[in-house]
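This report refers to the structure that appears directly beneath it.
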Amino acid sequence: MDKVYDIIVLGAGPAGLAAASYAGRARMDTLLIEGTKDGGQIVITNEIENYPGSLEEESGPSLIARMTKQVEKFGADRVTDTIVDVELEGKVKHLKGNHGDYYAKAVVIATGASPRPIGCPGEKEFTGKGVSYCATCDANFFEDFEVYVVGGGDSAVEEAMYLTKFARKVTLIHRRDELRAAKSIQEKAFANPKMAFMWNTTIEEIKGDGVVTSMIVKDTKTGETREIEADEEDGTFGIFVFVGFDPKSQLFEGKLEMENRYIVTDKYMHTSVPGVFAAGDVIVKHLRQVVTACGDGAVAATEAQHYVENLAD
Ligand code: NAP
(Lines give C-alpha, C1' and ligand atoms only; values in the text may rest on other atoms or scores of the structure.)
Protein backbone atom coordinates (compact mmCIF):
# COMPACT_ATOMS: atom_id res chain seq x y z
CA MET A 1 0.00 0.00 0.00
CA ASP A 2 1.17 3.54 -0.77
CA LYS A 3 1.64 6.15 1.89
CA VAL A 4 -1.23 6.51 4.38
CA TYR A 5 -1.92 10.20 5.09
CA ASP A 6 -3.53 11.38 8.30
CA ILE A 7 -6.13 13.37 6.40
CA ILE A 8 -7.12 13.59 2.76
CA VAL A 9 -9.16 16.63 1.79
CA LEU A 10 -11.10 16.05 -1.42
CA GLY A 11 -11.88 19.28 -3.25
CA ALA A 12 -10.06 22.61 -3.42
CA GLY A 13 -12.84 25.19 -3.15
CA PRO A 14 -13.17 27.39 -0.05
CA ALA A 15 -14.30 24.47 2.18
CA GLY A 16 -11.44 22.21 1.04
CA LEU A 17 -8.81 24.94 1.23
CA ALA A 18 -9.92 25.94 4.72
CA ALA A 19 -9.86 22.28 5.81
CA ALA A 20 -6.39 21.73 4.31
CA SER A 21 -5.09 24.88 6.04
CA TYR A 22 -6.43 23.80 9.40
CA ALA A 23 -5.21 20.21 9.00
CA GLY A 24 -1.76 21.35 7.87
CA ARG A 25 -1.49 23.88 10.65
CA ALA A 26 -2.39 21.13 13.17
CA ARG A 27 0.67 19.23 11.83
CA MET A 28 -1.50 16.52 10.32
CA ASP A 29 0.08 14.76 7.36
CA THR A 30 -2.39 16.14 4.81
CA LEU A 31 -3.09 15.61 1.13
CA LEU A 32 -5.34 17.97 -0.79
CA ILE A 33 -6.82 16.39 -3.91
CA GLU A 34 -8.27 18.81 -6.42
CA GLY A 35 -10.19 17.99 -9.55
CA THR A 36 -9.66 19.66 -12.86
CA LYS A 37 -11.22 22.98 -11.93
CA ASP A 38 -9.12 24.63 -9.26
CA GLY A 39 -10.96 26.66 -6.65
CA GLY A 40 -14.53 25.41 -7.00
CA GLN A 41 -17.59 27.48 -7.88
CA ILE A 42 -16.25 30.64 -6.36
CA VAL A 43 -13.64 31.12 -9.10
CA ILE A 44 -16.48 31.76 -11.53
CA THR A 45 -17.78 34.51 -9.25
CA ASN A 46 -16.70 37.97 -10.18
CA GLU A 47 -17.36 39.79 -6.96
CA ILE A 48 -17.67 38.64 -3.36
CA GLU A 49 -19.25 41.44 -1.41
CA ASN A 50 -20.20 39.66 1.75
CA TYR A 51 -17.14 37.68 2.83
CA PRO A 52 -16.24 39.15 6.23
CA GLY A 53 -13.46 41.68 5.86
CA SER A 54 -13.93 42.17 2.09
CA LEU A 55 -14.17 45.95 2.00
CA GLU A 56 -12.55 46.33 -1.38
CA GLU A 57 -13.92 44.51 -4.41
CA GLU A 58 -12.84 40.90 -3.89
CA SER A 59 -13.06 38.45 -6.78
CA GLY A 60 -13.41 34.68 -6.47
CA PRO A 61 -10.04 33.98 -8.11
CA SER A 62 -8.15 36.48 -5.89
CA LEU A 63 -9.60 35.00 -2.69
CA ILE A 64 -8.83 31.45 -3.84
CA ALA A 65 -5.27 32.44 -4.78
CA ARG A 66 -4.64 33.73 -1.25
CA MET A 67 -6.24 30.69 0.36
CA THR A 68 -4.12 28.42 -1.83
CA LYS A 69 -0.92 30.17 -0.71
CA GLN A 70 -1.99 29.68 2.88
CA VAL A 71 -2.46 25.94 2.34
CA GLU A 72 1.07 25.77 0.88
CA LYS A 73 2.41 27.66 3.89
CA PHE A 74 0.92 25.08 6.25
CA GLY A 75 2.56 22.24 4.35
CA ALA A 76 -0.26 20.12 2.87
CA ASP A 77 0.67 18.00 -0.14
CA ARG A 78 -1.41 18.65 -3.21
CA VAL A 79 -2.32 16.55 -6.22
CA THR A 80 -4.64 17.02 -9.21
CA ASP A 81 -6.67 13.91 -9.96
CA THR A 82 -10.24 12.83 -10.54
CA ILE A 83 -11.39 10.34 -7.94
CA VAL A 84 -13.49 7.61 -9.50
CA ASP A 85 -14.15 5.29 -6.56
CA VAL A 86 -13.93 5.36 -2.77
CA GLU A 87 -13.76 2.81 0.04
CA LEU A 88 -14.65 4.63 3.21
CA GLU A 89 -15.24 1.84 5.72
CA GLY A 90 -12.46 0.68 8.08
CA LYS A 91 -9.44 2.40 9.56
CA VAL A 92 -7.76 3.19 6.26
CA LYS A 93 -9.83 5.00 3.66
CA HIS A 94 -9.00 4.40 -0.01
CA LEU A 95 -9.62 6.91 -2.77
CA LYS A 96 -9.05 5.61 -6.28
CA GLY A 97 -8.14 8.21 -8.87
CA ASN A 98 -7.49 8.18 -12.60
CA HIS A 99 -3.79 8.68 -11.89
CA GLY A 100 -3.25 6.91 -8.59
CA ASP A 101 -4.53 5.48 -5.31
CA TYR A 102 -4.64 7.58 -2.18
CA TYR A 103 -4.96 6.39 1.42
CA ALA A 104 -5.74 8.18 4.67
CA LYS A 105 -6.98 7.63 8.19
CA ALA A 106 -9.62 10.34 7.75
CA VAL A 107 -11.23 12.03 4.78
CA VAL A 108 -12.81 15.46 4.46
CA ILE A 109 -15.17 15.62 1.48
CA ALA A 110 -15.45 19.12 0.04
CA THR A 111 -16.45 18.35 -3.53
CA GLY A 112 -18.92 21.24 -3.78
CA ALA A 113 -21.56 21.62 -6.42
CA SER A 114 -21.77 22.25 -10.15
CA PRO A 115 -23.99 24.64 -12.13
CA ARG A 116 -27.47 23.28 -12.80
CA PRO A 117 -28.56 23.32 -16.43
CA ILE A 118 -31.99 24.64 -17.47
CA GLY A 119 -32.61 21.30 -19.16
CA CYS A 120 -34.14 22.55 -22.43
CA PRO A 121 -33.43 21.25 -25.93
CA GLY A 122 -30.39 22.89 -27.51
CA GLU A 123 -28.79 23.88 -24.19
CA LYS A 124 -26.14 21.17 -24.26
CA GLU A 125 -25.49 21.50 -27.97
CA PHE A 126 -24.82 25.24 -27.72
CA THR A 127 -22.82 25.22 -24.48
CA GLY A 128 -19.64 27.11 -25.35
CA LYS A 129 -21.33 28.37 -28.51
CA GLY A 130 -23.47 31.03 -26.88
CA VAL A 131 -24.65 29.21 -23.75
CA SER A 132 -22.44 29.74 -20.70
CA TYR A 133 -22.45 29.09 -16.95
CA CYS A 134 -19.60 31.49 -16.15
CA ALA A 135 -19.72 35.24 -16.75
CA THR A 136 -16.14 35.75 -15.58
CA CYS A 137 -14.96 33.21 -18.16
CA ASP A 138 -17.07 34.22 -21.15
CA ALA A 139 -18.29 37.83 -20.75
CA ASN A 140 -15.62 39.25 -23.04
CA PHE A 141 -16.91 37.16 -25.96
CA PHE A 142 -20.06 39.28 -25.83
CA GLU A 143 -18.52 42.73 -25.94
CA ASP A 144 -21.27 44.96 -27.41
CA PHE A 145 -23.64 42.04 -28.03
CA GLU A 146 -26.98 41.35 -26.37
CA VAL A 147 -27.04 38.75 -23.62
CA TYR A 148 -29.76 37.02 -21.63
CA VAL A 149 -29.28 35.76 -18.09
CA VAL A 150 -31.52 33.03 -16.69
CA GLY A 151 -32.38 32.88 -12.97
CA GLY A 152 -33.55 35.15 -10.18
CA GLY A 153 -31.14 34.36 -7.33
CA ASP A 154 -28.02 36.18 -6.11
CA SER A 155 -25.84 34.55 -8.76
CA ALA A 156 -28.06 35.47 -11.70
CA VAL A 157 -28.49 39.09 -10.67
CA GLU A 158 -24.85 39.68 -9.67
CA GLU A 159 -23.48 38.04 -12.78
CA ALA A 160 -26.01 39.94 -14.95
CA MET A 161 -24.64 43.18 -13.58
CA TYR A 162 -21.09 42.08 -14.26
CA LEU A 163 -22.14 41.31 -17.83
CA THR A 164 -23.39 44.89 -18.30
CA LYS A 165 -19.73 45.93 -18.32
CA PHE A 166 -19.35 44.04 -21.61
CA ALA A 167 -22.70 43.55 -23.34
CA ARG A 168 -24.73 46.43 -24.75
CA LYS A 169 -27.90 45.08 -23.12
CA VAL A 170 -28.50 42.39 -20.51
CA THR A 171 -31.98 40.92 -20.10
CA LEU A 172 -32.68 38.83 -17.04
CA ILE A 173 -35.18 36.06 -17.69
CA HIS A 174 -36.94 34.87 -14.55
CA ARG A 175 -39.69 32.29 -14.21
CA ARG A 176 -41.56 34.36 -11.60
CA ASP A 177 -42.30 38.08 -11.21
CA GLU A 178 -40.14 38.52 -8.12
CA LEU A 179 -36.43 38.02 -7.65
CA ARG A 180 -35.02 35.70 -5.01
CA ALA A 181 -31.76 37.69 -4.82
CA ALA A 182 -30.92 39.80 -1.74
CA LYS A 183 -32.67 43.20 -1.76
CA SER A 184 -29.38 45.16 -1.89
CA ILE A 185 -28.36 43.26 -5.04
CA GLN A 186 -31.81 43.77 -6.60
CA GLU A 187 -31.68 47.54 -5.98
CA LYS A 188 -28.40 47.82 -7.89
CA ALA A 189 -29.79 45.79 -10.77
CA PHE A 190 -33.01 47.82 -11.07
CA ALA A 191 -30.94 51.01 -11.12
CA ASN A 192 -28.62 49.76 -13.88
CA PRO A 193 -29.68 51.33 -17.22
CA LYS A 194 -28.27 48.43 -19.23
CA MET A 195 -30.46 45.89 -17.44
CA ALA A 196 -33.87 44.73 -18.63
CA PHE A 197 -36.18 42.14 -17.07
CA MET A 198 -38.36 39.50 -18.67
CA TRP A 199 -40.71 38.27 -15.95
CA ASN A 200 -42.71 35.02 -15.81
CA THR A 201 -40.65 33.58 -18.61
CA THR A 202 -38.79 30.33 -19.23
CA ILE A 203 -36.56 29.26 -22.09
CA GLU A 204 -38.08 26.27 -23.86
CA GLU A 205 -35.56 25.72 -26.63
CA ILE A 206 -32.26 27.14 -27.84
CA LYS A 207 -31.61 27.11 -31.56
CA GLY A 208 -28.68 27.97 -33.75
CA ASP A 209 -26.35 27.24 -36.56
CA GLY A 210 -22.89 26.75 -35.09
CA VAL A 211 -23.70 29.49 -32.58
CA VAL A 212 -26.94 30.49 -30.84
CA THR A 213 -29.21 32.42 -33.24
CA SER A 214 -32.60 32.25 -31.49
CA MET A 215 -34.55 30.83 -28.57
CA ILE A 216 -38.13 29.91 -27.84
CA VAL A 217 -39.45 31.46 -24.62
CA LYS A 218 -42.68 30.74 -22.80
CA ASP A 219 -44.87 33.03 -20.72
CA THR A 220 -45.42 30.95 -17.58
CA LYS A 221 -48.75 32.71 -16.88
CA THR A 222 -50.41 32.39 -20.28
CA GLY A 223 -48.46 29.42 -21.65
CA GLU A 224 -47.82 31.38 -24.87
CA THR A 225 -44.53 30.81 -26.64
CA ARG A 226 -42.57 33.08 -28.99
CA GLU A 227 -39.20 33.09 -30.68
CA ILE A 228 -36.52 35.65 -29.86
CA GLU A 229 -34.05 36.03 -32.70
CA ALA A 230 -30.58 37.52 -32.71
CA ASP A 231 -30.20 41.06 -33.98
CA GLU A 232 -29.48 40.77 -37.71
CA GLU A 233 -26.16 42.58 -37.53
CA ASP A 234 -24.98 40.60 -34.47
CA GLY A 235 -26.08 37.19 -35.77
CA THR A 236 -25.92 35.77 -32.26
CA PHE A 237 -26.49 36.50 -28.55
CA GLY A 238 -25.36 35.03 -25.27
CA ILE A 239 -27.37 33.00 -22.76
CA PHE A 240 -25.87 32.84 -19.28
CA VAL A 241 -27.51 30.30 -16.98
CA PHE A 242 -27.52 30.74 -13.18
CA VAL A 243 -30.35 28.58 -11.88
CA GLY A 244 -28.63 27.04 -8.88
CA PHE A 245 -26.23 24.19 -8.29
CA ASP A 246 -26.26 20.41 -7.98
CA PRO A 247 -24.09 18.69 -5.35
CA LYS A 248 -21.10 16.69 -6.57
CA SER A 249 -21.89 13.67 -4.45
CA GLN A 250 -22.27 10.82 -6.95
CA LEU A 251 -19.16 9.02 -5.66
CA PHE A 252 -20.74 8.62 -2.26
CA GLU A 253 -24.17 7.34 -3.23
CA GLY A 254 -24.99 4.24 -1.19
CA LYS A 255 -21.88 4.81 0.94
CA LEU A 256 -22.91 7.82 3.01
CA GLU A 257 -26.28 8.99 4.25
CA MET A 258 -27.72 11.54 1.81
CA GLU A 259 -30.75 13.78 1.50
CA ASN A 260 -31.70 14.92 -2.01
CA ARG A 261 -28.16 14.01 -3.11
CA TYR A 262 -26.60 16.28 -0.44
CA ILE A 263 -24.41 14.56 2.18
CA VAL A 264 -25.91 14.49 5.67
CA THR A 265 -23.58 15.60 8.49
CA ASP A 266 -24.07 16.46 12.13
CA LYS A 267 -23.10 19.94 13.32
CA TYR A 268 -19.50 18.75 13.72
CA MET A 269 -19.36 17.74 10.04
CA HIS A 270 -19.33 14.01 10.81
CA THR A 271 -20.95 11.95 8.06
CA SER A 272 -22.64 8.60 8.68
CA VAL A 273 -19.24 6.82 8.41
CA PRO A 274 -16.60 7.19 11.17
CA GLY A 275 -13.51 9.04 9.97
CA VAL A 276 -15.36 10.63 7.06
CA PHE A 277 -16.27 14.31 7.32
CA ALA A 278 -17.89 16.63 4.82
CA ALA A 279 -17.93 20.39 4.37
CA GLY A 280 -19.22 23.15 2.11
CA ASP A 281 -21.82 23.13 -0.66
CA VAL A 282 -22.01 19.32 -0.87
CA ILE A 283 -23.67 18.93 2.54
CA VAL A 284 -27.25 19.46 3.70
CA LYS A 285 -27.41 23.07 4.95
CA HIS A 286 -29.37 26.30 4.56
CA LEU A 287 -26.75 28.88 3.72
CA ARG A 288 -24.29 28.05 0.94
CA GLN A 289 -21.75 30.86 1.07
CA VAL A 290 -17.96 31.14 1.11
CA VAL A 291 -18.05 32.08 4.78
CA THR A 292 -20.08 29.00 5.76
CA ALA A 293 -17.96 26.74 3.53
CA CYS A 294 -14.80 27.97 5.27
CA GLY A 295 -16.39 27.46 8.67
CA ASP A 296 -17.44 23.92 7.75
CA GLY A 297 -13.92 23.18 6.46
CA ALA A 298 -12.31 24.38 9.68
CA VAL A 299 -14.67 22.28 11.83
CA ALA A 300 -14.31 19.19 9.62
CA ALA A 301 -10.50 19.35 9.69
CA THR A 302 -10.39 19.82 13.46
CA GLU A 303 -12.79 16.91 13.99
CA ALA A 304 -10.74 14.79 11.57
CA GLN A 305 -7.62 15.67 13.54
CA HIS A 306 -9.24 14.54 16.82
CA TYR A 307 -10.46 11.36 15.13
CA VAL A 308 -6.95 10.53 13.85
CA GLU A 309 -5.31 11.30 17.21
CA ASN A 310 -7.77 8.99 18.98
CA LEU A 311 -7.41 6.08 16.57
CA ALA A 312 -6.01 3.00 18.31
CA ASP A 313 -2.86 1.73 16.52
P1 NAP B 1 -30.52 30.03 -6.02
O2 NAP B 1 -30.51 31.04 -4.93
O3 NAP B 1 -30.97 28.65 -5.75
O4 NAP B 1 -31.40 30.67 -7.20
C5 NAP B 1 -31.68 29.92 -8.34
C6 NAP B 1 -32.59 30.76 -9.21
O7 NAP B 1 -32.83 30.06 -10.43
C8 NAP B 1 -33.95 31.04 -8.58
O9 NAP B 1 -34.35 32.36 -8.87
C10 NAP B 1 -34.86 30.01 -9.28
O11 NAP B 1 -36.17 30.48 -9.46
C12 NAP B 1 -34.22 29.89 -10.62
N13 NAP B 1 -34.40 28.56 -11.22
C14 NAP B 1 -34.14 27.34 -10.66
N15 NAP B 1 -34.37 26.35 -11.54
C16 NAP B 1 -34.78 26.96 -12.69
C17 NAP B 1 -35.16 26.49 -13.96
N18 NAP B 1 -35.15 25.17 -14.25
N19 NAP B 1 -35.52 27.39 -14.90
C20 NAP B 1 -35.52 28.72 -14.62
N21 NAP B 1 -35.15 29.23 -13.44
C22 NAP B 1 -34.80 28.36 -12.48
O23 NAP B 1 -29.08 29.87 -6.70
P24 NAP B 1 -27.86 30.89 -6.81
O25 NAP B 1 -28.30 32.24 -7.19
O26 NAP B 1 -26.88 30.21 -7.68
O27 NAP B 1 -27.29 30.94 -5.36
C28 NAP B 1 -26.90 29.74 -4.66
C29 NAP B 1 -26.51 30.11 -3.23
O30 NAP B 1 -25.33 30.91 -3.26
C31 NAP B 1 -27.58 30.93 -2.53
O32 NAP B 1 -27.60 30.58 -1.18
C33 NAP B 1 -27.10 32.34 -2.70
O34 NAP B 1 -27.57 33.21 -1.69
C35 NAP B 1 -25.59 32.14 -2.65
N36 NAP B 1 -24.89 33.21 -3.38
C37 NAP B 1 -24.61 34.36 -2.71
C38 NAP B 1 -23.97 35.40 -3.34
C39 NAP B 1 -23.68 36.63 -2.57
O40 NAP B 1 -24.23 36.81 -1.51
N41 NAP B 1 -22.82 37.51 -3.02
C42 NAP B 1 -23.61 35.28 -4.70
C43 NAP B 1 -23.93 34.11 -5.37
C44 NAP B 1 -24.59 33.08 -4.70
P45 NAP B 1 -37.17 30.68 -8.20
O46 NAP B 1 -36.74 31.96 -7.55
O47 NAP B 1 -38.50 30.79 -8.87
O48 NAP B 1 -37.01 29.48 -7.34
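Some values worked out for this structure:
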quantity: In region 1-127, lysine pairs with alpha-carbon atoms under 24 angstrom apart (chain gap of 8 or more, or interchain); calculated: 14
quantity: Of the GluC sites (Glu not before Pro) in region 196-291, those whose Cβ has at most 16 other Cβ within 10 Å and which sit in DSSP loop; calculated: 224, 232, 233, 253, 257
quantity: Pairwise FRET efficiency - residue 98 versus residue 211, Cβ, R0 = 35 Å, nearest 0.05; calculated: 0.60
quantity: Expected-Rg normalisation [2.2 N^0.38 Å, Cα atoms] applied to the chain; calculated: 1.09
quantity: Of all accessible heavy-atom area on region 43-184, the percent that carbon and sulfur account for (1.4 Å); calculated: 49 percent
quantity: CD proxy at 222 nm, helix term only [per DSSP H run n ≥ 4: -39500 (n - 2.57); per residue of the chain; nearest 500]; calculated: -7000 deg cm²/dmol
quantity: Per-residue ³J(HN,Hα) for region 127-141, Karplus 6.51 cos²θ - 1.76 cosθ + 1.60, θ = phi - 60°, Hz, x for Gly and Pro; calculated: 5, x, 10, x, 9, 9, 10, 8, 5, 4, 6, 10, 4, 5, 5
quantity: Accessible surface ranking that places the most exposed of 54, 272 first, with a 1.4 angstrom probe; calculated: 272, 54
quantity: Cα-based shape type of region 131-241, given that a ≥ b ≥ c are square roots of the gyration tensor eigenvalues and the cut on a/c is 1.5; calculated: oblate
quantity: Region 286-294 - phi-based ³J(HN,Hα) in whole Hz, Karplus 6.51/-1.76/1.60, Gly and Pro as x; calculated: 8, 10, 9, 9, 4, 5, 6, 4, 5
quantity: From phi via Karplus (6.51, -1.76, 1.60), per-residue ³J(HN,Hα) for region 69-83 in Hz, x at Gly/Pro; calculated: 4, 5, 4, 4, 4, 8, x, 6, 6, 9, 9, 9, 7, 9, 7
quantity: Most to least accessible of 287, 163, 55 (protein chains only, probe 1.4 Å); calculated: 55, 287, 163
quantity: Among 251, 274, 161 the positive-end extreme of the charge dipole of the chain (Cβ point charges); calculated: 274
quantity: Interchain or long-range residues, amide H under 5 Å from residue 207's placed H; calculated: 213, 214, 215, 216
quantity: Centre separation in Å (Cα based) which lies between region 141-169 and region 201-226; calculated: 18 Å
quantity: Dipole moment magnitude, nearest 20 debye, the chain about Cα centre, only Lys, Arg, Asp, Glu C-beta charged; calculated: 760 debye
quantity: Compactness index (Cα Rg / 2.2 N^0.38 Å), region 50-203; calculated: 1.36
quantity: Accessible area, probe 1.4 Å, largest first, for residues 99, 286; calculated: 286, 99
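The values are calculated or read from the model by the stated rules, or taken from the named source; none is laboratory data. What you see is a predicted model, and the numbers here were worked out from it, not measured in a lab. Note that each Cβ is placed from the backbone with ideal geometry, even for glycine, and that neighbours are counted across all protein chains shown. Note: areas computed on protein heavy atoms with side chains; ligands, DNA, RNA excluded. Shrake-Rupley method; radii C 1.70, N 1.55, O 1.52, S 1.80 Å.
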